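Below: the structure, in structure tokens.
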Amino acid sequence: MADQDNPTRRSVLKATGVAAVGVAVPTQVATASQSAEAEGTVQVSLKINGVTHTQAVEPRVTLLNLLREQLGLTGAKKGCDRGECGACTVLIDGERTKSCLTLAAMRDGAEITTVEGLARGDRLHPVQDAFIRHDAFQCGFCTSGQIMSAVACINEGHTKSDDEIKDWMSGNLCRCGCYPNIVAAVRDAAKDRR
């Protein structure tokens, strides 16, 4: 046992933990008395693929989790959950965004497009069609994120050369190595747009 003049690391941590709990409990009791905050949720209104959705979400919920788990839009994939693979790419107000790194509460009022919102009825989006024609996928896990990033790449005008396409698509990884086919699909779809 440490004497009081020479406290150990353990005794300091214990004392700090007890003090923190003593401060946190009254705050939680006060918060619980307020009905909106008692639930710990915020209202978020998003226009997703042309349809407005209003959802109660916890402030820490990512856009990816909202799309997949609450709205059943599973096109955006949960790959790395760190923004490294791009499988979760969606368009937010026309800009490509990794939805695993975006809190849903921060996007209140935004317009979101997922891969499910690209086709018009039975007519595929030109990028979707180009991915099929050029066999730009194998396992398909990254495909929705690749397609969403490709749509943005074309809309942004970054398709002047294969090197430019590669550079602007570099935030999306393909574990199967279909990069040449992906570049060909983006190049082809960009021609259709011109």
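The values are calculated or read from the model by the stated rules, or taken from the named source; none is laboratory data. Keep in mind that this is a model prediction, so the values were computed, not measured. As a convention, Cβ positions derive from the backbone with ideal geometry for all residues, glycine included, and neighbour counts pool all protein chains shown. Accessible surface is based on the protein model in full, side chains and every heavy atom, while ligands, DNA and RNA are left aside. Shrake-Rupley method; radii C 1.70, N 1.55, O 1.52, S 1.80 Å.
Each label was represented as a point 7 Å from its Cα along the Cα-to-Cβ direction; for Thr41 and His158 these points are 3.6 nm apart.
Taking a straight Cα-Cα cut-off under 24 Å and skipping sequence neighbours fewer than 8 places away in the same chain, the lysines within cross-link reach of Lys78 are Lys47, Lys98, Lys166. Over segment 104-147, accessible surface divided per residue gives 54 Å², non-protein components excluded, 1.4 Å probe. Evaluated with a Cβ-only charge set (Lys, Arg +1; Asp, Glu -1), segment 36-194 carries a dipole of roughly 360 debye about its Cα centre, given to the nearest 20. Basic side chains Lys and Arg get +1 at the Cβ, acidic Asp and Glu get -1 at the Cβ, and with that the dipole of segment 129-194 about its Cα centre reaches some 60 debye.
Among Gln146, Thr113, Thr74, whose Cα sits farthest toward the positive end of the charge dipole of segment 67-160 (+1 at Cβ of Lys/Arg, -1 at Cβ of Asp/Glu, about the Cα centre)? Checking the options against the dipole of segment 67-160, the answer is Gln146.
Decide, for segment 120-194, between rounded, prolate and oblate: order the square roots of the alpha carbon gyration tensor eigenvalues as a ≥ b ≥ c, take rounded if a/c falls under 1.5, and otherwise choose prolate if a/b is larger than b/c, else oblate. Because a/c hits 1.5 or more and a/b fails to exceed b/c, segment 120-194 counts as oblate.
Principal semi-axes of the equivalent ellipsoid, √(5λ) from the alpha carbon gyration tensor of segment 54-172, are 24, 15, 14 Å from largest down.
Whole-Hz Karplus values for segment 61-69 come out as 6, 7, 4, 4, 5, 4, 4, 6, 8 Hz, taken residue by residue from phi with 6.51 cos²θ - 1.76 cosθ + 1.60 and θ = phi - 60°; glycine and proline positions read x.
Summarising the label geometry, the points placed 7 Å from Cα in the beta-carbon direction at Asp108 and Ser170 lie 3.7 nm from one another.
Counting protein heavy atoms only, segment 105-194 has 50 percent of its accessible area on carbon and sulfur, 1.4 angstrom probe.
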